[in-house]
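Q: Take a look at the following structure, please.
The values are calculated or read from the model by the stated rules, or taken from the named source; none is laboratory data. A quick note: this is a predicted structure, and the numbers were derived from the prediction, not measured. Cβ placement follows ideal geometry from the backbone for every residue including glycine, while neighbour counts extend to all protein chains displayed. These area figures cover heavy atoms from the full protein model, side chains too; ligands, DNA and RNA do not enter into them. Shrake-Rupley method; radii C 1.70, N 1.55, O 1.52, S 1.80 Å.
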Amino acid sequence: MNKKNEQNFLFHTDQSWTCLGCGECCGMWDIPVTKKEKERIESLDVPGFDFENETFFTPDPKSPGIFLIKKKNGKCAFLDDDDGLCAIHKKHGENVKALACRLYPFHLLHWKDGKISVSFRFDCKAVSRNSGRSITQQTRQMRNFSKELERGLKSNAKYNKKTKSSLRDLRMIADTYKEIMLDENSSLAAKLHYAASLLEFHSSRANSSFVVNVDNTFKSDTMTYLKENSPLFEITILAAPQPDKLQNAVFNYILTGYVRVDETEVGKSVLKRFPRAKLILSIIAGGGSLASINPKCPDTSGQYPLETLSASTIPPEWEHLMTRHAAAHLASLHMCGSPGLNLSFEEGMRHLLLMQPITLAIAAMILSGPQKQDSMTPELAVADAIRITDHTFYRSPFFSMKHVKTMIKWMTGPNVFPSILRGLMNPNKQTTPNKKKTPRN
Ligand code: SF4
């Protein structure tokens, strides 16, 4: 990569991926193809596929797009169930496949200021486990993808409705939050509480000037304050009351949003969605199972998420999987802006902060559920929970609904968030900070 391009790419360096061949991504998404890609694939000789007499593509009824069709088991028609490999890839190599197939798990956006942001999608098994080649060794792919995508829409973001910081300012602010998340001398709970308090402080009109024209002192002042007050944040959390019934119910409701599988629901009539709404209601009330709305979730019948989180003893050393995920989204700004859900930076940050206790609550339920496998370790449970919550993170239209944004703001606000974070402060967990060193950029 030449020097100029190198400076334009923005990504967190501590992310890794090498495909494990699990084939999950070939069932997770509706895979769009262009007319040109369809024609290219149909011109190939792919064993077992008679393109002259059968079609393996379907038009999208809601847009001019075309998609690869899926089999009854929900997997792509071209995925060989015996060896878990793509029939097109096996015979003709990677380059003839549709861009959407080649791109995953890269997520790459071109921004209005000329920057190109890259992160891995953490709903991939290998990425959530940080397994494989470092993203820093995959710059050739980034460069190629950026060329293929450069004519698309350019992304943009603002701080909040009232404060329109430049992208340069937003990146400096995001970099400061990334530094908070990666701080190795504070507990995860203290860092989340501090980040949420900072957001609250800057959300008032009187303090909005702090997030406009920021300079390097923004980061150094913020980190000095964290260093000096980290124990105080922990005391505040421990002194907070236990979450009440309403807070539990709203937490459970938002949790059902983080575990949605939208692709099976979009396009269904209200009547057809009714059974799912009933299941969600039972989860909100604390009696249902997450497995009833997402087969990748554990059977959580009889488990209350916040209670299970409080009782869990997931050691803090596995929290680095969570902070890596947060850092990847902050380095790329892939939690706000267009063309995604167009959340403001402030909304995207709250979305990212609440995701942490929600993901750890799911990990705790995986570890204490009746179907827990012997091979399940805290590390794998946290990685699996990240896969589940990242799938909808900043993608599901659930998070752009007004009432959901209001609830997330309330949950991460000063009156509720410390109570939610109590679950991360179980005295049976070691309270020493993470032992693993995490790269800073
Ligand atoms: S989900 Fe990840 S590891 Fe599994 S096949 Fe897809 S890219 Fe490979």
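Q: Within region 6-25, which residues are part of a helix (DSSP H, G or I) and more than 7 Å from the ligand (Cβ to nearest atom)?
A: Matches in region 6-25: Glu6, Gln7, Asn8.
Q: Would you confirm whether or not region 372-383 contains a residue that is in contact with a Ser or Thr (Cβ under 9 Å, 6 or more places away or on another chain) and part of a loop (DSSP other than H, G, I, E, B)?
A: For region 372-383, residues in contact with a Ser or Thr (Cβ under 9 Å, 6 or more places away or on another chain) and part of a loop (DSSP other than H, G, I, E, B): absent.
Q: For region 239-254, indicate whether the set of residues that are over 30 Å from Leu279 (Cβ atoms), open to solvent by less than 20 Å² (accessible area, probe 1.4 Å), over 26 Å from the mean Cα position of the chain (by Cα) and modelled with pLDDT of 95 or more is non-empty.
A: Yes: one or more hits.
Q: Confirm whether Lys158 is assigned to a helix (DSSP H, G or I) and among the charged types (D, E, K, R).
A: no
Q: Out of all the residues in region 99-117, is one or more within 16 Å of the ligand (Cβ to nearest atom), among the hydroxyl-bearing types (Ser, Thr, Tyr), within 30 Å of Ile135 (Cβ to Cβ) and in contact (Cβ under 8 Å) with a residue 24 or more places away in the chain?
A: Yes - at least one qualifying residue is present in region 99-117.
Q: Based on this model, can you work out whether Asp82 counts as open to solvent by 80 Å² or more (accessible area, probe 1.4 Å) and either more than 18 Å from Lys125 (Cβ to Cβ) or within 16 Å of the ligand (Cβ to nearest atom) (or both)?
A: In short, yes.
Q: A follow-up question, please. Checking the structure you have, find out if any residue of region 11-30 is out of contact with any strand residue (DSSP E or B) (no Cβ under 9 Å at 6 or more places or on another chain), modelled with pLDDT of 90 or more and within 30 Å of Arg168 (Cβ to Cβ).
A: no
Q: Next up: Determine whether Tyr194 is in a helix (DSSP H, G or I) and in contact (Cβ under 8 Å) with a residue 12 or more places away in the chain.
A: It is true that Tyr194 is in a helix (DSSP H, G or I) and in contact (Cβ under 8 Å) with a residue 12 or more places away in the chain.
Q: For region 105-133, how many residues are at negative phi and open to solvent by 30 Å² or more (accessible area, probe 1.4 Å)?
A: The number of residues fulfilling the criteria is 10.
Q: Please state which of the following conditions Glu37 fails to meet, knowing it meets all the rest: (1) of a type in the set (Asp, Glu); (2) in contact (Cβ under 8 Å) with a residue 12 or more places away in the chain; (3) within 16 Å of the ligand (Cβ to nearest atom).
A: Among (1) of a type in the set (Asp, Glu); (2) in contact (Cβ under 8 Å) with a residue 12 or more places away in the chain; (3) within 16 Å of the ligand (Cβ to nearest atom), the lone unmet condition for Glu37 is (3).
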